[in-house]
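Okay, so here's the structure we're looking at.
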């Protein structure tokens, strides 16, 4: 059921629809090397095949890991004989330097039009030498209507699909295929084929029910590659949803991380959130979050989801503040700009014989010897003595209390 021309490609209108860049290249027969990236099962190989079918160029497929330089040499020779060959190189992000160095001059000459396919962000994962010679196109995830269209075509197509079997798929079964595929059309087609081949005919028809669909597609084809873009996108969305106080979205993204079995990421991200986004607005929550993480790690999945749910909800509903780490970042920025300054002499180490001769630690006032354990003296270097890093938030009760204490202490210390 792989599309033979770009007119048969499902979705990806921004690339192959009217005015789309790939359609324009095909219609002008001015192809350039390109990299297609996106989740598995959404049509990267299909678009490459459709481009070849629409242009009538020779089409070959290799894998950057499993195929050798010798395999590539053979395709180059075919390209020299035919003028141009389209090479789909799967897992292009894993192309080693020897194979890359072999391909580059042939890309320059136009002997090979390279179409790289990857689930990894090419700006992170692909060598700049290949990237600079290629157009980079991101494919959209397929929605349920796209999956349904692909299944409907397969059911009806007598030449390449299952049309000769007189399939009858009831609505509940179709709904299960489209929902469970999670945008992976390959997974949906595989499940449909398995159901068609394993279901006993009822007279002259093969009737696929919901039970048949469930048996052939027992688990959702959840798109979450721990090394791919989806992983980092979900982590980012999880933190931003908590930061934005959207409990429902927080639970949604937490569920996706749990379905991926990624307890390590969840634990690290939640602890970061507790300090980065909640911070001084609710400092006790960091301890409770850590306790939830420890409990989750000891329990393991599936029970680990219970303490994680508690923590995620509380983090999302908590008042928020980033004043603590922003204050430190401000201090770090001064250091990086060379604004360190010399440590005042009375604060320097005095625990060696000649320290007093140098004037180190002389005149230091021990705060515990003064009322309320506070005494006016300079702690900052001279160049920064009036610098203020901590800017408390005025939006939370606890930080309001901290601001009051801070103001009083600053007044005393700066006398």
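The values are calculated or read from the model by the stated rules, or taken from the named source; none is laboratory data. Computed from a predicted structure; not experimentally measured. Cβ sites come from the backbone with ideal geometry, for glycine too, and all protein chains shown count toward neighbours.
Please work out which residue is farthest from residue 385 (Cα to Cα), limiting yourself to the stretch 359-375 and to residues that are touching a helix residue (DSSP H, G or I) at 6+ places or on another chain (Cβ under 8 Å) and not in a loop (DSSP other than H, G, I, E, B).
So, considering only residues that are touching a helix residue (DSSP H, G or I) at 6+ places or on another chain (Cβ under 8 Å) and not in a loop (DSSP other than H, G, I, E, B), the one farthest from residue 385 (Cα to Cα) is 373.
Looking at the stretch 16-29, which of its residues are out of contact with any helix residue (DSSP H, G or I) (no Cβ under 8 Å at 6 or more places or on another chain), in a loop (DSSP other than H, G, I, E, B) and at negative phi?
The one that is out of contact with any helix residue (DSSP H, G or I) (no Cβ under 8 Å at 6 or more places or on another chain), in a loop (DSSP other than H, G, I, E, B) and at negative phi: 18.
Go through the stretch 215-236 and give me each residue that's at pLDDT 85 or above and buried (at least 16 other Cβ atoms within 10 Å of the Cβ). Write out each step before concluding.
Within the stretch 215-236, the subset at pLDDT 85 or above is 215-216, 234-236.
Correct list: 216, 234, 235.
With the condition kept exactly as written, say whether any residue in the stretch 252-267 is under 30 Å from residue 377 (Cβ atoms) and in a helix (DSSP H, G or I).
No: the stretch 252-267 contains no residue that is under 30 Å from residue 377 (Cβ atoms) and in a helix (DSSP H, G or I).
Here are the criteria: (1) free of Cβ contacts under 8 Å to residues at least 12 places away in the same chain; (2) surrounded by 15 or more Cβ atoms within 10 Å (Cβ to Cβ). Tell me which single one residue 245 does not satisfy.
Residue 245 satisfies all of (1) free of Cβ contacts under 8 Å to residues at least 12 places away in the same chain; (2) surrounded by 15 or more Cβ atoms within 10 Å (Cβ to Cβ) except (1).
Provide a single number: the residues in the stretch 124-168 that are free of Cβ contacts under 8 Å to residues at least 40 places away in the same chain and over 25 Å from residue 26 (Cα atoms).
Of the residues in the stretch 124-168, 15 are free of Cβ contacts under 8 Å to residues at least 40 places away in the same chain and over 25 Å from residue 26 (Cα atoms).
Give the number of residues within the stretch 107-147 that are in a helix (DSSP H, G or I) and farther than 13 Å from residue 43 by Cβ.
Kept after step one, since they are in a helix (DSSP H, G or I), are these residues of the stretch 107-147: 107-109, 122-125, 128-131, 144-147.
Subset that is farther than 13 Å from residue 43 by Cβ: 107-109, 122-125, 128-131, 144-145.
Residues that pass the stated criteria total 13.
Give the residue, chosen from 22, 10, that is in contact with a strand residue (DSSP E or B) (Cβ under 9 Å, 6 or more places away or on another chain) and either in the same structural domain as residue 181 (by TED's automatic domain parsing) or modelled with pLDDT of 90 or more (or both).
Values: 10 fails: in contact with a strand residue (DSSP E or B) (Cβ under 9 Å, 6 or more places away or on another chain).
Only one candidate passes the filter, namely 22.
What's the number of the only condition in (1) in a helix (DSSP H, G or I); (2) within 26 Å of the chain's Cα centre (by Cα); (3) modelled with pLDDT of 90 or more that residue 89 fails to meet?
Evaluating residue 89 over (1) in a helix (DSSP H, G or I); (2) within 26 Å of the chain's Cα centre (by Cα); (3) modelled with pLDDT of 90 or more leaves (1) as the failure.
Got a sec? Which of 41, 110 is at positive phi and under 28 Å from the mean Cα position of the chain (by Cα)?
The conditions single out 41.
Can you tell me which residues in the stretch 144-167 are loosely packed, with under 14 Cβ neighbours inside 10 Å and in contact with a helix residue (DSSP H, G or I) (Cβ under 9 Å, 6 or more places away or on another chain)?
145, 152, 156, 157, 158, 160 - these are the residues of the stretch 144-167 that are loosely packed, with under 14 Cβ neighbours inside 10 Å and in contact with a helix residue (DSSP H, G or I) (Cβ under 9 Å, 6 or more places away or on another chain).
Go through the stretch 30-44 and count every residue that is at pLDDT 85 or above and in contact with a helix residue (DSSP H, G or I) (Cβ under 6 Å, 6 or more places away or on another chain).
Total satisfying the criteria: 5.
Of the residues that sit in the stretch 343-358 and are surrounded by 10 or more Cβ atoms within 10 Å (Cβ to Cβ) and assigned to a loop (DSSP other than H, G, I, E, B), which one is nearest to the chain's Cα centre (by Cα)? Show your work before the answer.
As a first pass, look at the stretch 343-358 and keep what is surrounded by 10 or more Cβ atoms within 10 Å (Cβ to Cβ): 343-348, 350, 352, 355-356, 358.
The next check asks that each one be assigned to a loop (DSSP other than H, G, I, E, B); those that pass are 343-344, 348, 350, 352.
On the way: 343: 44, 344: 47, 348: 47, 350: 52, 352: 54 Å.
Restricting to residues being surrounded by 10 or more Cβ atoms within 10 Å (Cβ to Cβ) and assigned to a loop (DSSP other than H, G, I, E, B), the top hit is 343.
Residues being outside any helix (DSSP H, G or I) and surrounded by fewer than 20 Cβ atoms within 10 Å (Cβ to Cβ): count how many of those fall in the stretch 34-59.
The total comes to 5.
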